[in-house]
Every structure is written in structure tokens, then in C-alpha cells.
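The values are calculated or read from the model by the stated rules, or taken from the named source; none is laboratory data. Computed from a predicted structure; not experimentally measured. Don't worry about glycine lacking a Cβ; one is built from the backbone with ideal geometry, like all the others, and counts go over all protein chains shown.
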Amino acid sequence: MLGLNHTMTAAPSATTHAPHFAPKAKHVIYLFLNGGPSQVDTFDPKPMLTKYHGKPAPSGNLRTERKTGALLASPFQFPRCGKSGIEISEIFSELGKHADDLCVIRSMHTERPNHEPSLFMLNCGHVLPGHPSMGSWLNYGLGTENQNLPGFVVLCPGLPVIGPQLWNSAFLPPIHQGTYIPNQETEPEKLIQHLRNTKHTMEDQRKQLDLLASLNRAHARREGNDPALESRIESMEIAYRMQGEAMDAFDVRKEPEKVRERYGDGPFARGCLLARRLVERGVRMVQVYYGDGQPWDNHDDILIHRRLAQTSDKPMAALLQDLKDRGLLQETVVIIGGEFGRTPSVEVSGLVKFQNGRDHNNHGFSLAVAGGGFRGGITYGATDEFGFKAVDKPVHPHDLHATILHLMGMDHTRLTYRHSGRDFRLTDVAGNVIKEILA
């Protein structure tokens, strides 16, 4: 079933599997700014928007989900950052200090202009539900480095649109789905409720699990292998082992005060700090969603982006610096972005109350990557002069996923799983490794 010619065992995630070739990276941290941040207000400055502010686009507006009008200049300045001189919005001033570590992809595009299919595409490689997430594929293909923690952890205060389907394992063994932690709490006992058994000692629990294991082995000998049962057994085993390590891993209070101050306060800041604590303990992938729902979905007023950046800029920069200081950035892929971008023209549909915002834009948007074998201090691709459509070196999510798998030592065409009579993969039947952005 697996493109690695790996035979499933009763503990499908308890070992580390060999990659196809020598990897550059071991871990992935995906900082997901759910809702769709505007590329022309964050990573893709467009002087022509200022020149044509309040005027129709000379070539006309591309079709998006809702009606848009005249072009809208960005209210933010774009200073040149680092030795590389990459132009990054002033709202990401702290992140801009790490410009020389960033590869800013300015030519992302996807198929649909609404949240659900674009979220599925960026997370699972398909516009429709029912496909495994990238974290599930990574966990399935490579296994976990720490048997006492899940291989794939998802942090979000609440739920993004769609919710658990974005980190599901679909037809892969269930053990590979993301472990969701609602990170609005600080105390680990509240973050991971009901983990510790207050009635039985660890020794007594071990005896119970060993008894269950013997009964399950007898069942398997009689009925044959059952992947769902095997995954359930492994989930119980991980829960048992987590009692000894998870409370420490998820306790940010153990960090020095100066470290916590560098990240700042709030769920996203805590998520970024937890992501570092988890990857240094061997977790394969950590996904940190910015907030509940779709906070970056600013149809009415693009100035809300500044407020959102006030609680995301500092922790993203702190995470990059922390990873670098600990020697982890070179082996950790960091992704920063949302499900699509926003229009360079103002939204004028009847749904908005204050016409200073932007509609969804799937034709062209930006995403930043760092570490794990990516070249730093560069931009790649471009949108048109107004920031509407990717026109130079367009990058599809399949290409991004293929490149990330490549850095993790995986050939995206060989990481497959047979389901319903065909071999499925994260990149479907497409995707190319973007070699120009690799170090």
C-alpha cells in the first residue's frame, strides 16, 4: 500500500521509516493564517495600486467570489528588509528582520475563490474532502521520532472553517491523523484534558494494556489483521506513553521568562512556542492555526490586518530566531501563509458595511517558507503589476507539497496508498519540485 514498500505492523506509527533519499529536513511547522491574508498588504508590494488608487483596473477585474470595484492602494509601507532587500509590509516588521532566512513565493495560485476548497487544497492537496492531510502523509511515510508524543499535532484556539477534516487521515490508517489541541489554555492539564488517569497507577495501566494486547493478538490470529483495530490499539498506547512526557512538552511555563516575552502572549504566540518545543522533542509536523474561524478574512476593512499582525508578527519572528539559535532551523521547514490571497480591488458587494476591504483571490497570492533546505533571502515568481494573477513562475499547492516532501527525503510520486482501486498521493497526479528555491 505504501510507496516505500513498507509492511504495516500492529504499531503503524511507532517506528521511524527510512526516507527515499537523504533528507534536508526532519520536521515541518505550518503557521496557517486562516482566512486569506492579502498578498498586496503583506509580501507583494504593488506601486501601480498607489498610482491607480480609486480607479478601475485597466485590464478589468478578474472574477472572484463577490463583486469588486476600483483598485485599492495598500495603506502600509513596504521597507526593504535584511541584506537581501526583500520588501515586506511594515505590519510584519519583526518578521522582516528575518528576511534573509525567508523565501517569499509571490506566485501561488489555486482553483477556487472560496474558503473550503482552498483550505482543503493547501492542507490535503485536493479541493474536495476525503483526502489525507499533509501531516498525515508525512507521519505515514516517515513515522515518528518520539514514541511518547503524536507524530502530527494541530494547535488552534477553537476551530478553523471545516475543522478536523483539515488534519484528518482519511483512508490512511487512523493513527496518522493530527492530534488536535485547543491552545487557548496555558496549563497543560487544561490543554490536554483527561490524559492522566487519577484512579490507576502507571503500572496498573500497563497491566491492563498488556492484557488487552494479548486478547487483541488472539482476535487477529482468528479474524486476520484489522488496520482500524491496530490503529485504535496504537492510539491507546500513545495516550498511555504521553502521560510521562506530554505534560512537560506542553508546559510553556517551563520556558525562561525572557523567551516567553520574546514570543508574546495569546494563543498564536503560545502555539508558535509550543511548535518549537514539540519539534525539538521529535514531533514530525506541527500546524498552528492563527485563530478560530477565519480571522484574516477582511472583506470590510483591510486595516484589520494591522491588528492581526500585532499578535502574529512577533511570535513568528521569535520562532524563526529560536529555531536558528538551537540549530533546528536547518532541519525544520517553516511555512507561513493562508488558503488564498485577496483582491487588489475593493469589495463593493452588498455584504460589506464598510468598503475598505478586499475579496478572496485565488488567482495569485503569497506564501513564505524558511529553513529545512529552502534558500533564504529570495523571492520567487510574481503576480501582474496590480497583484491579481500569478504570471511569472506560477506555483500550485501540488508544487509546494512536492517540494516539501522532497526536502523531507520523499519522492512525492512514490509516496502512495492504494484505496478504492487506485494509488493515491498527496499531489494527486501533478506537482513538480521547485528546484530554484532549494539551497
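Looking at the stretch 371-389, which of its residues are part of a strand (DSSP E or B) and either surrounded by 24 or more Cβ atoms within 10 Å (Cβ to Cβ) or basic (Lys, Arg) (or both)?
Phe374, Thr383, listed by residue number.
Could you count how many residues in the stretch 12-41 are more than 26 Å from Leu278 (Cβ to Cβ) and in a loop (DSSP other than H, G, I, E, B)?
Looking only at the stretch 12-41, we keep the residues that are more than 26 Å from Leu278 (Cβ to Cβ), and these are 36, 38-41.
Right, trim to in a loop (DSSP other than H, G, I, E, B) and you get 36, 38.
Number satisfying all stated conditions: 2.
Looking only at the stretch 341-365, count every residue that is buried (at least 20 other Cβ atoms within 10 Å of the Cβ) and farther than 18 Å from Ile304 by Cβ and tell me the total.
The qualifying residues number 3.
What are the residue pairs meeting all of these: first residue in the stretch 422-438, first residue within 11 Å of His398 (Cβ to Cβ) and in contact (Cβ under 8 Å) with a residue 24 or more places away in the chain, second residue among the hydrophobic types (A, V, I, L, M, F, W, C) and assigned to a loop (DSSP other than H, G, I, E, B), Cβ atoms under 7 Å, and 6 or more apart or on different chains?
Arg425/Leu415; Leu426/Leu415
Taking the residues in the stretch 139-180 that are buried (at least 24 other Cβ atoms within 10 Å of the Cβ) and assigned to a helix (DSSP H, G or I) as candidates, determine which candidate is farthest from the chain's Cα centre (by Cα).
The qualifying residue farthest from the chain's Cα centre (by Cα) is Ile175.
Using the structure shown, decide if Ser93 is under 22 Å from Asn362 (Cα atoms) and part of a helix (DSSP H, G or I).
No; evaluated as a whole, the condition is false for this residue.
Can you tell me which residue within the stretch 253-292, out of those that are touching a Ser or Thr at 6+ places or on another chain (Cβ under 9 Å) and of a type in the set (Phe, Trp, Tyr), is farthest from Asn34 (Cα to Cα)?
Looking at residues that are touching a Ser or Thr at 6+ places or on another chain (Cβ under 9 Å) and of a type in the set (Phe, Trp, Tyr), I get Phe268.
Here are the criteria: (1) in contact with a Phe, Trp or Tyr (Cβ under 8 Å, 6 or more places away or on another chain); (2) crowded, with 23+ Cβ neighbours inside 10 Å. Tell me which single one Thr311 does not satisfy.
(2)
Of the residues that make up the stretch 335-346, is at least one closer than 18 Å to Gly264 by Cα, of a type in the set (D, E, K, R) and touching a Lys or Arg at 6+ places or on another chain (Cβ under 8 Å)?
No: the stretch 335-346 contains no residue that is closer than 18 Å to Gly264 by Cα, of a type in the set (D, E, K, R) and touching a Lys or Arg at 6+ places or on another chain (Cβ under 8 Å).
Anything in the stretch 111-130 that is assigned to a loop (DSSP other than H, G, I, E, B), surrounded by fewer than 23 Cβ atoms within 10 Å (Cβ to Cβ) and not acidic (Asp, Glu)? List them, or say none. Please lay out each step first, then the result.
Keep residues of the stretch 111-130 that are assigned to a loop (DSSP other than H, G, I, E, B), which gives 111-114, 125-130.
Of the ones still in play, those that are also surrounded by fewer than 23 Cβ atoms within 10 Å (Cβ to Cβ) are 111-114, 126-130.
Those that are assigned to a loop (DSSP other than H, G, I, E, B), surrounded by fewer than 23 Cβ atoms within 10 Å (Cβ to Cβ) and not acidic (Asp, Glu): Arg112, Pro113, Asn114, His126, Val127, Leu128, Pro129, Gly130.
Could you list, in sequence order, the residues of the stretch 238-270 that are assigned to a helix (DSSP H, G or I) and modelled with pLDDT of 95 or more?
Of everything in the stretch 238-270, those that are assigned to a helix (DSSP H, G or I) and modelled with pLDDT of 95 or more turn out to be Glu257, Lys258, Val259, Arg260, Glu261, Arg262, Tyr263, Pro267, Phe268, Ala269, Arg270.
So, in the stretch 332-352, of the ones that are hydrophobic (A, V, I, L, M, F, W, C) and in contact with a Gly (Cβ under 9 Å, 6 or more places away or on another chain), which residue ends up farthest from Phe76 (Cα to Cα)?
Filtering the stretch 332-352 for residues that are hydrophobic (A, V, I, L, M, F, W, C) and in contact with a Gly (Cβ under 9 Å, 6 or more places away or on another chain), the one farthest from Phe76 (Cα to Cα) comes out as Val333.
Going through the stretch 213-233 one residue at a time, which ones are part of a helix (DSSP H, G or I), loosely packed, with under 14 Cβ neighbours inside 10 Å and over 36 Å from the mean Cα position of the chain (by Cα)?
Scanning the stretch 213-233 gives Ser214, Leu215, Arg217, Ala218, His219, Arg221, Arg222, Glu223.
Applying the selection to the stretch 80-103, what residues are touching a Phe, Trp or Tyr at 6+ places or on another chain (Cβ under 7 Å) and either farther than 14 Å from Pro37 by Cα or surrounded by fewer than 16 Cβ atoms within 10 Å (Cβ to Cβ) (or both)?
Glu87, Glu90, Cys103
Filter the stretch 331-340 for residues that are of a type outside the set (Asp, Glu) and surrounded by 23 or more Cβ atoms within 10 Å (Cβ to Cβ); which is farthest from Glu280 (Cα to Cα)? Full working, then the answer.
Going through the stretch 331-340, the residues of a type outside the set (Asp, Glu) turn out to be 332-338, 340.
Still in the running and surrounded by 23 or more Cβ atoms within 10 Å (Cβ to Cβ): 332-334, 336-338, 340.
Values: Thr332: 10, Val333: 13, Val334: 14, Ile336: 19, Gly337: 23, Gly338: 25, Phe340: 30 Å.
Among those residues, the one meeting the criterion is Phe340.
Going by the structure shown, is Asp399 buried (at least 20 other Cβ atoms within 10 Å of the Cβ) and either more than 16 Å from Ser133 (Cα to Cα) or without any contact (Cβ under 8 Å) to a residue 60 or more places away in the chain (or both)?
yes
Quick one: Val283 ticks every box in (1) among the aliphatic types (A, V, I, L, M); (2) assigned to a helix (DSSP H, G or I); (3) modelled with pLDDT of 95 or more except a single one, so which number is it?
Tallying (1) among the aliphatic types (A, V, I, L, M); (2) assigned to a helix (DSSP H, G or I); (3) modelled with pLDDT of 95 or more, Val283 fails exactly one: (2).
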